[in-house]
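Read the structure below first, then the notes.
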Amino acid sequence: MGTHTANSKTSGRAATLVRQRIESGGERLWRLDDFGDLPFLAVAQALSRLARAKEVERLSKGLYYRGRETSFGRSRPNPAAIRTLAAKQATVFPSGIAAANLLGFTTQNPRRAEVATSAQSLPRKLMGDDTVIHTRRPAAWAGLSQADAAFLDFMRHSGRTSELSPQETVKRTLKLCAEKGRFERLLSVAPSEPPRVRAMLGAIGETLGKSPKALKALRASLNPFSKFDFGLLFPLACAHQWQAKEQRRA
């Protein structure tokens with residue numbers, strides 16, 4: 001009985017401290033980790049009670065938002081801040097036009113955020129209801145830089161997110177892949193990419209003069225009877241040798 005009473009008092013004190021901190025913290029995001037000096041279970045219970053009382057909003061597991069009243073209604077959490085938190089839970093990369101923009105193929109900014117992740121899902125409340133989310137990218141992406149993953153995403157779109165001409169798109173593609181170590185990094189994760197991406201990587205590598213030995217496994221992974229849509233990357237000098245489809249003339 002004594003132990004139960006002590007635990008109840010500890011839980012009650014923790015709940016009071018959680019409430020006080022949230023009320024004095026103003027508008028902000030709160031995570032369970034923000035209360036690391038208090039008992040985990042007591043904090044989780046306190047936050048759940050505050051959410052039921054509408055004093056905070058539960059965004060996802062372990063993440064809450066304390067808003068404020070404005071002339072337009074209750075404030076909403078900053079999208080950039082919550083996407084940053086989402087990125088801490090799973091690796092998130094730019095996709096679509098955002099990826100092309102990062103790589104210098106376009107100056108456009110997407111009307112809707114578009115991201116890719118190797119996770120099976122991302123919390124919709126964290127990413128935003130209008131965000132386009134591409135899940136289940138290969139696990140190998142988790143070890144890539146933002147730029148390298150963006151480049152693979154760009155090739156998955158066959159370069160069609162570029163606003164440059166096909167020739168300029170190819171020129172920039174070769175320049176990016178000529179940067180120290182990039183082609184080798186992409187080659188190391190190529191086995192987990194779709195066949196058309198592997199074919200485009202092969203054409204890029206051969207155009208850059210990479211050794212046939214380095215490209216041997218890549219070529220062997222392709223069905224010799226298949227043809228691949230290279231999109232805006234069709235002008236690659238070695239596209240035909242890597243089974244690019246012929247372009248239809250307008």
**Q.** Qualifying positions in segment 120-162 - among the aliphatic types (A, V, I, L, M) and modelled with pLDDT of 80 or more
**A.** Val132, Ile133, Ala139, Ala140, Ala142, Leu144, Ala147, Ala149, Ala150, Leu152, Met155
Q: Using the structure shown, decide if Ser226 is modelled with pLDDT under 95, more than 28 Å from the chain's Cα centre (by Cα), among the polar types (S, T, N, Q) and closer than 23 Å to Ser188 by Cα.
A: no
Q | Residues located in segment 135-146, provided they are in a helix (DSSP H, G or I) and either free of Cβ contacts under 8 Å to residues at least 12 places away in the same chain or surrounded by fewer than 16 Cβ atoms within 10 Å (Cβ to Cβ) (or both) | A | Ala139, Ala142, Gly143, Gln146
Q: Filter segment 1-56 down to residues that are surrounded by fewer than 13 Cβ atoms within 10 Å (Cβ to Cβ) and hydrophobic (A, V, I, L, M, F, W, C) and give me whichever is modelled with the lowest pLDDT.
A: Met1
Q | Filter pass, Ala199 being assigned to a helix (DSSP H, G or I) and either of a type in the set (A, V, I, L, M) or assigned by TED's automatic domain parsing to the domain that holds Ala99 (or both) | A | yes
Q) Only one residue in Thr173, Thr169, Thr161 is in a loop (DSSP other than H, G, I, E, B) and assigned by TED's automatic domain parsing to the domain that holds Asn101. Which one? A) Thr161
Q.
I need the full set of residues from segment 202-226 which are free of Cβ contacts under 8 Å to residues at least 24 places away in the same chain and in a loop (DSSP other than H, G, I, E, B), in order please.
A. Gly209, Ser211, Pro224, Phe225
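The values are calculated or read from the model by the stated rules, or taken from the named source; none is laboratory data. Keep in mind that this is a model prediction, so the values were computed, not measured. Ideal geometry is used to build each Cβ from the backbone, glycine not excepted, and the neighbour counts take in all protein chains shown.
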